[in-house]
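Laboratory data are not the source of any read-out in this text; all were calculated from the coordinates shown. Note that the structure is predicted; figures quoted are calculated from it, not measured. For neighbour counting, all protein chains shown are included, and Cβ atoms are generated from backbone atoms with ideal geometry for every residue, glycine included.
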Amino acid sequence: MQALAPVIAVHAGAGEWSDDADQGIAACREAVAAGLMALEGGNSGLDAVVAAVRSFEDNPKCNAGTGGVLTSTGELELDASVMDGAALRSGAVGALPPFEHPVEIARAVLEDGRYHLLTGEGAAKFAEARGFVPGDPEVMITERRRRELRQGIHTTGNTVGAVALDTRGHLASATSTGGIAGTEPGRLGDTPIVGAGTYADHRAACSCTGHGEAFARACAAFWATEHLGNSAQETAEAAVARVRDEFGGYGGLILIDAQGQVGIARTAANMPHAIARPGQEPDLGI
């Protein structure tokens, strides 16, 4: 089979970048470069999306990993998920205590194969048993997030994600978030739920961001892949419009199909994003 030209797309989250969109674009540039490097090295689409999301998780400006928003009790709880479209395998963690790279732990859940989602202390024990080291809350919780909590700012958005098509024609997706600031401990949005915030199969791969409850109720990521038409862009636009009109939620998503078409749509004010293909400058936008 002839090798395909690989493609990766990333988003830095919908809705929170009004005052610092340049930082969101910069985060996307770094993340898409990490993912493209993996693809150009002959790695899988799953490798690529994990590499891209890991880059976001290291960026304290993003709501994922270090820099994630805090619960009402001032704690960091992290959600992440990955899906391998070729094998229809997924793995996720939710309400995870501080670990630097939740997306890596979500992949470990996928590779373990027994579960699709682990949460809270159970997810932490699973992670430690596989060699992941807990993060230092004093390092991972930023002063910006402490200030937001003191001021009662309930940040929504900046969930990060990636979708990719590799040279074998396999699709994958990954999403990671700190959730919504100020929520009750234990809250899960769409990110760690298969088909809600993250989905991939042989047709397409999707990663969502925004009002998690609405995207979850809409099964938005699965809906976008299930209703894929001739245009990935038109499908993406229809998916976010449906979440807004039928479920009252604003946000955005990225979608890639098996031909390498990319759809990027949002109903939120902005959503920094990037698309990268070998030998080309990345396509950046908000």
Subset of region 256-286 (residues that are of a type in the set (A, V, I, L, M, F, W, C) and either within 14 Å of Glu40 (Cα to Cα) or without any contact (Cβ under 8 Å) to a residue 60 or more places away in the chain (or both)): Ala265, Ala276
Residue tally, condition under 17 Å from His211 (Cβ atoms) and either in contact (Cβ under 8 Å) with a residue 40 or more places away in the chain or touching an Asp or Glu at 6+ places or on another chain (Cβ under 6 Å) (or both), over region 245-255: 5
Matching entry among Leu96, Leu118, Leu110 (being over 27 Å from Pro272 (Cα atoms) and buried (at least 23 other Cβ atoms within 10 Å of the Cβ)): Leu118
Region 44-99: number of residues that are free of Cβ contacts under 8 Å to residues at least 60 places away in the same chain, assigned to a loop (DSSP other than H, G, I, E, B) and in contact with a strand residue (DSSP E or B) (Cβ under 9 Å, 6 or more places away or on another chain): 3
Members of region 54-65 found to be buried (at least 24 other Cβ atoms within 10 Å of the Cβ) and over 17 Å from Arg107 (Cα atoms), listed by number: Cys62, Asn63
Cβ-Cβ under 8 Å pairs, at least 6 apart or on other chains, region 223-244 side closer than 9 Å to Ala265 by Cβ, far side part of a loop (DSSP other than H, G, I, E, B) and of a type in the set (Ser, Thr, Tyr): Val240/Thr267; Ala241/Thr267
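Results for (1) within 19 Å of the chain's Cα centre (by Cα); (2) not hydrophobic (A, V, I, L, M, F, W, C), shown as yes or no for each residue.
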site: Ser176; (1), (2): yes, yes
site: Thr191; (1), (2): yes, yes
site: Tyr199; (1), (2): yes, yes
site: Ala224; (1), (2): yes, no
site: Ala239; (1), (2): yes, no
site: Phe247; (1), (2): no, no
site: Leu255; (1), (2): yes, no
site: Ala274; (1), (2): yes, no
site: Pro278; (1), (2): no, yes
